[in-house]
Structure formats: C-alpha cells, structure tokens
Amino acid sequence: MSVTRRQALQIGGLGIIGAFGLAVPLTSVNAKSASQLASRNMPKPFQRTLPIPEVLRPSSTVVDPDGHKRHLYKIEQKAALANIVPGLSTPILGYNGTFPGPTIKVNQGERITLEMDNVLPLFHPQWGYRLDTSTHLHGSASLPQFDGYANDLTGLGYCKDYEYPNFQPARTLWYHDHAVHNTAQSVYSGLAAQYHLHDEVEGSILPQGRFDVPLTVSDAMFAANGSLGYNDNTHSGLWGDVILVNGAPWPVMKVQRRIYRFRILNASIARSYRFSLSTGDAMTIVATDGGLMPAAQQVTNWRHGGAERYEVLIDFSKYPVGKRVELRNLSNKNNVDYDFTNRVMAFDVTDEPVDTSGPGARVLPTLLAPSTAMSLKTSDSVKTRRMRVKRDLDVWTIGGMTWDEVVESGYRKVLANPDLDDVEIWEIENSSGDGSIRSTSIWWTSRSSAATGRHPSPTSVGPRTLSTWARARRSGCS
C-alpha cells in the first residue's frame, strides 16, 4: 500500500579545527552528484557494515527526596573525526564524539538526569557560528526548563542538567541540538541520537535487545577534502547525494531468519523518504512518534518526513539464506535526487542459528495498545486556529511574527494559549508560493486531521509528536 504525505496529515581541539578547514561552497548541484569528492573517495553502496550506536550507561544512581530513584547520565559534546568516505577523515560534532551519539534506553517511570557538557570549539570550525548548544529531547513531555528551548544556551566550558521524568508510554524519541538559528547545521554536523522509552506493553510483544535496532537515516554532501559540504539553497533545503544510516554510507546488516524491529529516524535536514523493500514485500508499522499504534499496519511503502520516527517490523524468515534484501527509497515530490539516493541499506540473510528467545521473534502482532490521542474526534474540538507560515526575503514568519520579535517581547507574544486538556484544530498553511518546504514541529502528542474525504492512511493511525529553561553551570562539570 502506498502512503502519501497528504494522507498522512489527515489523521493524525586544534587538530580537529584544522581538519575542518574553510567552508567549501557547493553551489553546483546536478543529477549526478552534489559532492566534490574524487571518484576514489566517493563511497559506494553496500561496502560498510551497519554500525550500532553504543547504549549509554548511567554513571551513578541517587534517591530523590520522595524516595524515587534517579539515574545520572553524562555526555560530552565535542569535535571528532569520523570514517565516512574512503581514504579521508570527516570532522564532525558529536555526543561523546560520535554520530549518531549513544542511545539512551530507559523504562517508563524511571527518572533520569542527563548532564550535557559543552567541550566543543568556541566557534564552528567550518561555518563560523558560535557553538552554544541547547539539547532538546524530541517527543518528551519535559518541563519547560529542561526542554531545550532555542535560546536556553550552554556555552563552552559550561554544562547543564536535563531532567526527564519518562512517564509517557513507550516510544522512540531522539535528542539533538536545538540552538537558536543553528539547529540544522549542528544536527547535520552530528549532534543527534536516539532515546528509547520502554514499558511493559511493548516489552511483552515486540522484539528487544539486539533485535530492536536503531536506524538513524540522513543525507550528506562532501567537499573534496572529506569535510561535510553545506548548501541549503538559501534556506530552501539541503539534499545530499550520500545516504547515511547510523553515520555509514549505504551499510549492510546481517540478519537471522526471524522478525526484527527497526526504529527509523529521519535526521535529514530537508529530504523526505518513501521507504520500501527491494522484494516488494510488506513491512509492519507498529509505532509512530507518540508510541504504539492501536493496531499494526501492513504497508509496502510509506512517506517518512523529517524528524519523524516509525517503528517497523521486517520478517526475514520468509527469505532463504544468502538472500540480500535492500531497503530502498522511492522518494517524494520536491526532493532533489541523485544516482544512488534511491538506495538506503541492505540486509543479508545468514545461516546463523535463529534466536527465538524473547517476544516477537516469529509472530507479527495485530492489536497493540489503545491511544487516547487517536480516539479524539473533530467534534471534540473547542476552537479552530489558522496559522500561516510564510517566507519573506529569506526570513520565515509564523502568523506574521519572526523569532526575533518573540524574543524581543520577552517571550510574551504567543500564537496559541489553549487551556489544559483542550482539544483544538490547527490549520497550518505555507503561503510562501515559491515551492519552499517548511517542517513544523508541535511539541506534544497529537493526531492530524483534515476533511478531504479520503480514507486514513496506515501511518496516520498512530499518535504523533508534532512537541522551555534551567540555567547552565560552569562549576561541577566533569
């Protein structure tokens, strides 16, 4: 079954600094390549093994005044070199120096504090902006002071503690830099990672452990020296010619003949994907941004927008040993595509003894978990708000306001102030008229709806997170 975007909206330091070098303008983009790499340095599909990010372990555990345990985690944001293109090193910014950063796995109700230390260079070595950071846990119901507000910045030599209550149902989240005006460049440079919230429901029906695999998908372009190129076409979007999965170009993963669970995050700046299998077989979507769907959905492809997360089951038991199954990209309107952006990664079916321990190894689930958000009806709405997103002279406005105007107002200018538990309909229109695409992030769990007369798409029947500040400190940073 094919899923369109419109349908999906209906319901629901010095060595590193030297390696960066100067910014390389990449303005010549054609159907063959966006990168300036020599042919010997251009990565080829299916030459690398899929890397799996490490799982971050707590550094210690304390007891809150109410007797509840709290796990403490520490991460350093720092510059590093990555092996992405053959024969060259690529300077990145990373959580603990890796891209993606380490995966954080927590259980529902488990409180954590994440100490985020900024040991980055003072200025971005390639693009020159000041590397103050703000960490946002995308999809979390965090308190305002821990939500990674864009102007809540942590500078070089400072750290900040982010507290996460993790009371929501199981879901795939991700944490990333959210610094004002520089989010795209910093995430593109490597400041992004997955965060998995588990609960008893998903833990009893879906694959766990090594069979629960994070896939962070992004696209990139490279300068001749191996550094990341950056051409966002005057803020209209960046489309790279190299597809990365967990930071590796078009990797290969060896799989057993059983069911695997993949948590797919689109961490690209502008590119949307339409994922499919080379065999044409169906995959089973079991969760969206806001957690488990009420019922599993069988799809042969789906549109996957920026920052969205889907949890997908693939049953490899149907394939013979030695079979290669590719995850492909059918692409979407408004993308800029190149020779190999239709490929994502490959799975090689092996003769490794099948591990059937744990849930979900052999049987695809049908019913999953009820969702309060997905039970909402249009008639529940108490108000309809219409918001216009527009681009004027390379400046984006929402409701006629720029971000700087919001800041200058002391953050008192607001577009919406719904009461707690209110149900509202928000109609968001991009009226730029120039073909520009603008992602809109609404930081809470919701469902999208529109009266178009079409049946809901399989991917729209799950809850969505379409998603404010404690001060950073200098003393006490480890």
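Between D355 and V321, what is the spin-label point distance in nm, taking each point 7 Å from the Cα along the Cα→C-beta axis?
Label-label distance for D355 and V321, simple model: 1.9 nm.
Counting other beta carbons within 10 Å of each residue's own, what order do K254, K78, K333 fall into, fewest first?
Ordered by Cβ neighbours within 10 Å, fewest first: K333, K254, K78.
Once amide H atoms are placed 1.01 Å from N in the peptide plane, what residues at a sequence separation of 5 or more from K105, or on another chain, have their amide H within under 5 Å of its amide H?
It is L56, H196, by chain and number.
Over the alpha carbons of the range 65-189, what is the largest minus smallest coordinate on each principal axis, giving the biggest first in Å?
Computed over the Cα atoms, the extents are 51, 31, 21 Å.
If you project the alpha carbons of the range 13-372 onto the principal axes, what extent comes out on each, in Å, largest first?
56, 53, 35
With Cβ to Cβ distances under 14 Å as the rule, what net charge do the other residues near L368 carry (K, R +1; D, E -1)?
Result for the neighbourhood of L368: -2.
Can you list residues from other chains, or at least 5 along the same chain, whose modelled amide H is less than 5 Å from the amide H of G190?
Here the answer is L93, since their amide H atoms fall under 5 Å of that of G190.
When L93, L56 are ordered from fewest to most other Cβ atoms inside 10 Å of their Cβ, what list results?
Fewest-to-most Cβ neighbours within 10 Å comes out as L56, L93.
What residues have an amide H closer than 5 Å to that of R258, excluding those fewer than 5 places away on the same chain, when H is modeled at 1.01 Å from N in the peptide plane?
Placed amide hydrogens put F316, S317 under 5 Å from R258.
Which of the residue pairs K78/K413; K78/K254; K105/K333; K78/K160; K32/K333 have a Cα-Cα distance greater than 24 Å in the structure shown?
As for pairs spanning more than 24 Å Cα to Cα, those are K78/K413; K78/K254; K105/K333.
Work out from phi, with θ = phi - 60° and the Karplus expression 6.51 cos²θ - 1.76 cosθ + 1.60, the ³J(HN,Hα) of each residue of the range 308-320, listed in order in whole Hz, and give x for Gly and Pro.
Using θ = phi - 60°, the values come out as 6, 10, 10, 9, 10, 9, 10, 9, 8, 5, 7, 9, x Hz.
None of the figures in this text is laboratory data; all of them are computed from the coordinates on show. In this text the structure is predicted, and so the values were computed from the model without any measurement. Using ideal geometry, Cβ is built from the backbone for each residue, glycine included, and neighbour counts are taken over all protein chains shown.
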